[in-house]
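In what follows, a single structure is set out as structure tokens and then discussed.
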Amino acid sequence: MIDFDVFDAVLKLGIGVSQGDNRAMFDLLSRVHPLEIKRYATGREHNGWVIPHRWQVDRAVIRKDGRTLFDAAVHPMAVAGSSSSFSGRVDKARLDRHVFFSREHPDAYVFHCIFNYRPWESHWGFCIPWEIYGQWGEGEYEVDLSTRFEQDEMLVGQAFHQGSGQETVVFNAHTCHCCQANDGLSGVFAILELFKRLAGRATRHNYLAVLAPEHIGTVFYLADMPRGERQRIKQGCFVEMVGSDTPLVLQESFTGQAVIDRVARHVLSQVQPDLRVGAFRTIVGNDETVWEAPGIEVPMISVSRWPYPQYHTSRDDLSIMSPERLEETVDALEAMVDVLERDAVPTRRFEGLVALSNPRYNLYVERPDPVVEKNLSPLELRLGQVQDLLPRYLDGQWSVFEMAERFGVPFERLLAHLERFGEKGLVDMRPVESLAHYARRR
């Protein structure tokens, strides 16, 4: 179960790319599941990316005619992130260029983060609810914004579940969106819950959780990772915006053909029969570009519930978090892992047509009969059709998942059926030990 007490405590912190409260955040997250913390000095550069310094707001006030109209101390999002200091008088037209709001959510503060990614530029801005700012008229305004940038460090949390093999599957979420429950933290908590479930479980593959500031955290995390370790990461899934009461959505990897694409489509379409699937970067934009970058090229899908109305506003809080949707997401992620862990290649030990209805086997799946009412479900009807095709696929080349994908039946149902074949001595089941198995066939 998701720990909403910890979730609430993290939401109250002033987190960011390299903010001081990130230490408290990772202390709290480590209570959910143990994390190893990686540290990167602010000011460091890689491929043009620069880690921003820790940012502190000392004073942020807007006055008119000697009267304070707005004091940004009212909310952690009231000053645009990484704003530089500014003091002076401006007219309304100039102020308009430095105030951010949402007319769709007039009572909300908006989340403004672009300055974090351009520390070489000097910008400033306020995030003021439209119901306040919309009342301000023409005239001269006095802006008194005092901020500081100080040397510190950017933190990235990782968890690693050791499997018996060499290949790794990564789950990634971002940690830098202050006061945003769905956009970021829902993915963080979903991944932590998944890794809690994996704890103590023997697996074929390794599983890596990376909890980092969006884009920039993963850029430096991968830059410092030894090449051999990085090359063992074969597939990945970015997780965010998964707590709102909105439908699950799948964004494909760069090629859309990786096994993580196929497994996710198979699993998520059972949870969300009308699953929306979009090509790479057509639904959301996150660290999938980092993982898929040239020379790294880890196939990275994204699982989300985008869009949702409260995006990048202060209304993205615990009140819109659905425990049922979060658990549904974790269940789906675990089901994806189950496919990768339990998939096997069956090889027949018989020739000719086997009488599956014989009591010796008792493997026959009932088919419709015009004179007998059987009340078969759509799945039972499909499995009845599949059983006539199945024997030819038991040639030691096709895995259970590949057959389930081709036939359009749930993996776990087909696996249970074929395991019964194994119990009857009709097939041998060989585990799929390497993800490379899936590259040979689509």
State the number of residues belonging to the stretch 98-128 that are within 28 Å of residue 42 (Cβ to Cβ) and of a type in the set (D, E, K, R). 2
Scan the stretch 23-39 residue by residue and report those that are under 17 Å from residue 174 (Cβ atoms) and either acidic (Asp, Glu) or outside the structural domain of residue 195 (by TED's automatic domain parsing) (or both). none
May I ask you to say which residue of 253, 244 is part of a loop (DSSP other than H, G, I, E, B), in the same structural domain as residue 320 (by TED's automatic domain parsing) and touching a strand residue (DSSP E or B) at 6+ places or on another chain (Cβ under 7 Å)? 253
Of the residues 360, 406, only one is without any contact (Cβ under 8 Å) to a residue 24 or more places away in the chain and basic (Lys, Arg); which? 406
Scan the stretch 195-222 for residues that are in contact with a strand residue (DSSP E or B) (Cβ under 9 Å, 6 or more places away or on another chain) and of a type in the set (Lys, Arg) and jot them down. 201, 204
For the stretch 368-395, give me each residue that is at pLDDT 75 or above, charged (D, E, K, R) and more than 17 Å from residue 427 (Cα to Cα). 380, 382
Search the stretch 343-367 for residues being modelled with pLDDT of 95 or more and acidic (Asp, Glu), and hand back the single one that is surrounded by the fewest Cβ atoms within 10 Å (Cβ to Cβ). 351
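Name the residue, out of 226, 213, that is surrounded by fewer than 17 Cβ atoms within 10 Å (Cβ to Cβ) and either over 20 Å from residue 405 (Cα atoms) or within 17 Å of the chain's Cα centre (by Cα) (or both).
226
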Which condition number does residue 320 fail, the rest of (1) aliphatic (A, V, I, L, M); (2) within 17 Å of the chain's Cα centre (by Cα); (3) over 22 Å from residue 222 (Cα atoms) being met? (2)
Got a number for residues in the stretch 1-46 being surrounded by fewer than 16 Cβ atoms within 10 Å (Cβ to Cβ), touching a helix residue (DSSP H, G or I) at 6+ places or on another chain (Cβ under 8 Å) and of a type in the set (Lys, Arg)? 2
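The values are calculated or read from the model by the stated rules, or taken from the named source; none is laboratory data. It should be emphasised that the depicted structure is a prediction, and the values quoted were computed from it without experimental measurement. Counting neighbours? That spans all protein chains shown, and the Cβs are built from the backbone with ideal geometry, glycine included.
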